[in-house]
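Heads up: the structure comes next, in structure tokens.
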Amino acid sequence: MNVMTATKGRILWIDDEIELLRSHILLLSEKGYNVETATNGEDAIELVREHPIDLVFLDEMMAGIGGLKTLSKIKDIRPELPVVMITKNEDEGLMEEAIGVKISDYLTKPVNPSQVLLACKKFLEGKKITGAQLSRDYIKEFNQISLALQQNLTADDWTSIYAKLVDWSMELDHHPELGLKQTLTDQFRECNVEFSKFIERNYRQWLGQKSRPTLSIDIVEKYLIPQLTPDRSVFFFVIDCLRLDQWMAMESVLREYFDITRDYYYSILPTATPYSRNAIFSGAFPDEIEIRFPEIWEQWEDDDNSRNRYEHQFLENLLERRKIQLKPESKYVKILDPEFGRSIEQNINSYTKNRLTSIVVNFVDMLAHGRSDSQILKEIAPDEAAYRSLTQSWFTHSSLLGMLQTLSRQKNVKIVLTTDHGSIRSLRSTKVIGDREASTNLRYKYGRNLKCDERHAIFIKNPSDFRLPKRSVTINYLVAKEDYYFVYPTEFHKYVNQYRDSFQHGGISMEEMILPVVTLEPKK
């Protein structure tokens, strides 16, 4: 038998009554498919072994070795080859057996032409058809977003735009052949230019308004406290440095176990852990923390690594201010290494006896910092798509997923999960000048006499305008916009090259500021 060159795909139809199917075969030929036939399993197996077949239609009831055995042998030769089984038998046990040996689809006799054609399009043209539709849909969305950028957008509008861009990022991950990746990257950059202007115009006003977007300081009040009822155990997970796209990859794994309600909030500035995460746990802006906990702030000044040691104390103080008394008192866990994470995973059920357990997970932040310093990690995760894929790979094998899976089997458990800030792939450097005491952060700085190109950053002369700690009367702040990162003039080119294309946080971008806060309820 001779398998000809096909325009749309090569189909092998295996049936011992193949003559009765000539009308179907003729239709497929007219539609541009090349159809080869076999009347028994032995011939079919030989054809699959010797020729490039793209799709198999297989009769379940045949003389000789039979349909299921033929299917098994075909899969031994070509595991990836899609096989559509056709049968008169609607027995559920047979269907399960066929699915067990990796059948791709199932049609019941008598099949009609539209069923056969649909199966061919699904397996042979599905990606092409889907890609063409995606291209049309994305171009339409692209134009809508470009038009929206010319309007007077609200915080909710920006959340919607960013969520759409993230959805498209993840959709286009599956269709690199469409060549739309650079277009989307350019649109992200265009949006971040306008988003930075939006934040510069509106952020300071938000800090004094009640009717403003949800900020870091509102998370406990708005999402956690309402869950603290006497009949349930509440878990509050905070994953350091988690972008929305990384969360979406994780969410796809968790949908099997939980009903998920996703909302969004804005991180305070700078979008860095000492500010944003302490704001979450304390329900207070950094300048309020400076007044309320002066002794802690003094320690922060001397020890940069101690800035997030007091989260449990902050949360207890916030609950006390809200006159919420928990018995037993709330528990707090910070996971900094895998071994400790596994020990918490093994004992997570014991925490369900508590009314409230807060768990901070630092791995994603460590991954971002590790990628900056490791050529291997940069090779593994060269761009945003690979970075979220790497996050999903970690999550799939992590103690965090193990904890959540265990909690999904418990009654009267509610989970609130969020992050303190995201990160952005920093691709453009900007020169900054400051004294020796200035902070070393790449996306924000505080110190005396700081200077840089103000097109690339917000200059904060008076920290109280942004509810930031004064530290001293001469301290001011710089917060980077878009995807810029700060580099000092000394050994400028060395550090430009060292930190270019690293994931950083602390500045102003959709990726750093617009963040998920989700409620997970175990499926009943």
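Just so you know, all these numbers are worked out from the coordinates, no wet-lab data involved. For clarity, every value in this text was computed on a predicted model and none was experimentally measured. Please note: Cβ atoms are built from the backbone with ideal geometry, for glycine as well, and neighbour counts cover all protein chains shown.
With the Cα gyration tensor of the chain in hand, convert its eigenvalues to equivalent ellipsoid semi-axes via √(5λ) and list them largest first in whole Å.
Its equivalent ellipsoid spans semi-axes of 54, 29, 20 Å.
Counting other C-beta atoms within 10 Å, which of ARG262, ARG436, ARG255, ARG10 has the fewest, and how do the rest follow?
ARG436, ARG255, ARG262, ARG10
Expected output is a single nm value to one decimal: the length gained when fully extending between GLU437 and MET366, i.e. 0.36 nm times separation in residues minus the C-alpha distance. What is it?
Full extension of this stretch gives 23.0 nm more.
Sorted from fewest to most neighbouring beta carbons within 10 Å, what does the list THR419, THR396 look like?
Ascending number of Cβ neighbours within 10 Å: THR396, THR419.
So what's the net charge close to ASN462: Lys and Arg +1, Asp and Glu -1, counting the other residues with Cβ under 13 Å from its Cβ?
Neighbourhood net charge equals +3.
Write out the GluC sites (Glu not before Pro) in region 320-429 meeting two conditions: DSSP loop, and at most 15 other Cβ atoms within 10 Å of their Cβ.
GLU329
Taking amide H atoms as placed 1.01 Å from N in the peptide plane, list the residues 5 or more away in sequence, or in a different chain, whose amide H sits under 5 Å from that of TYR485.
Those lying under 5 Å, H to H, from TYR485 are ARG428, SER429, THR430.
Can you give the FRET efficiency to the nearest 0.05 for LYS494 and ASP173, using r as the Cβ-Cβ distance and R₀ = 35 Å?
Computed FRET efficiency for LYS494 and ASP173 comes out at 0.55.
By count of other Cβ within 10 Å, fewest leading, how are ILE475, ILE335 ordered?
In order of increasing Cβ crowding within 10 Å: ILE475, ILE335.
Of ASN112, GLY131, SER146, which is farthest along the charge dipole of region 103-158 in the positive direction, counting Lys and Arg as +1 and Asp and Glu as -1 at C-beta?
Toward the positive end, the furthest listed residue is ASN112.
Among the GluC sites (Glu not before Pro) within region 245-292, which fall in a DSSP loop and have no more than 15 other Cβ atoms within 10 Å of their own Cβ?
Hits after loop and neighbour filter: GLU256.
Could you tally the net charge around LYS8, taking each other residue with its Cβ under 15 Å from the Cβ of LYS8, Lys/Arg +1 and Asp/Glu -1?
+2
Below 8 Å, C-alpha to C-alpha, sequence gap of six or more: please give me the relative contact order for the chain in percent.
So the answer I get is 16 percent.
Considering only the other residues whose Cβ falls under 14 Å of the Cβ of THR490, what net charge follows from Lys and Arg at +1 and Asp and Glu at -1?
That sum, taken over residues with Cβ under 14 Å, equals +1.
So who's got an amide H within less than 5 Å of the one on THR271, skipping anything under 5 residues away but keeping other chains? H placed 1.01 Å off N, in plane.
Result for THR271 returns GLY506, GLY507.
How about LYS445: which aspartates and glutamates have a C-alpha closer than 13 Å to its C-alpha, ignoring those fewer than 8 places off in the same chain?
ASP435, GLU437
Cross-link candidates for LYS210: which lysines have Cα within less than 18 Å, leaving aside residues fewer than 8 places away along the same chain?
LYS222
In region 409-487, which GluC sites (Glu not before Pro) are in a loop and have at most 16 other Cβ atoms within 10 Å, using DSSP for the loop call?
Taking region 409-487 and a limit of 16 other Cβ atoms within 10 Å, the loop GluC sites (Glu not before Pro) found are GLU437, GLU454.
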